[in-house]
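Structure first, then comments.
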Amino acid sequence: MNLSRSTFDNLDPQKQRRVLDESLREFAERGYNQASINRIVARLDIAKGSLFQYFGSKEGLFKHLFRKAVDEIKAPLRAIRDARGAESFPERLKRVFSASAAFAQAHPFLWSIYRRMLTQEDFPLRATLLTEVRAEALTFFRELVELGQQRGEVRADLDPALAAFVIEATLDRALSAQDSSVLDAGLGLSADADTRQARLDALAEALCLGFSQSAAVEGVTHV
């Protein structure tokens, strides 16, 4: 659901982008509680009332930013899941891991906000928004696994919901490790881009080997 008011929707797209970028920057750098509408409007050189007219409140602004981010990452992932043709489950899963990692790298402010929500239990709206994004992710991965089962590429006896939980948990940890050597624990996800991509592929392959009909998956090597 688009929470922005029609006045914001009718702005020039470049101005919309600037409002969202400056707001993201403020929330990423200060956190929700310390984020200041005054600082945002000062950088934008607009009246404070304009931002409230657009979104109603600081909470409305934050919800808009968060849900817009969810919509932006969902589009390429759905395209991977729904693509017709001969692309196998392992190939699709690799592409999902790669696209997710690229999104996190390309949107550092968004990723910083998400990390704050994960680690700060007193983060406002934490339970509501994390529950929402987790539900979206688990539904996506369950449907991806079910598609693999229909194509005979994933074990028929595997619980799709269980598989989705394992995939989502692995990917979430992998994305967090991209900018944290502590969470990376030497795996290589926080290293250079080529190493990171190789390790993401290896994680996807390891999951596929566990989900496959046989001990090996065509086109997938043991990790």
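The values are calculated or read from the model by the stated rules, or taken from the named source; none is laboratory data. These numbers come from a predicted model, not from an experiment. Here the Cβ is made from the backbone with ideal geometry for all residues, glycine too, and neighbour counts use every protein chain on show. Areas reflect the complete protein model, heavy atoms only, side chains present, ligands, DNA and RNA absent. Shrake-Rupley method; radii C 1.70, N 1.55, O 1.52, S 1.80 Å.
So the values come out like this:
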read-out	value
Of all residues making up segment 95-128, the number that are part of a helix (DSSP H, G or I), out of contact with any Ser or Thr (no Cβ under 8 Å at 6 or more places or on another chain) and among the charged types (D, E, K, R)	3
When residues of segment 173-205 are limited to those that are among the small types (Gly, Ala, Ser) and open to solvent by 50 Å² or more (accessible area, probe 1.4 Å), the one nearest to GLU146 (Cα to Cα)	ALA198
Checking PHE141 against (1) within 18 Å of SER98 (Cβ to Cβ); (2) of a type in the set (Phe, Trp, Tyr); (3) open to solvent by 30 Å² or more (accessible area, probe 1.4 Å), the condition it does not meet	(3)
Among the residues listed as GLY85, GLY31, the single one being over 18 Å from the mean Cα position of the chain (by Cα) and within 20 Å of LEU129 (Cβ to Cβ)	GLY31
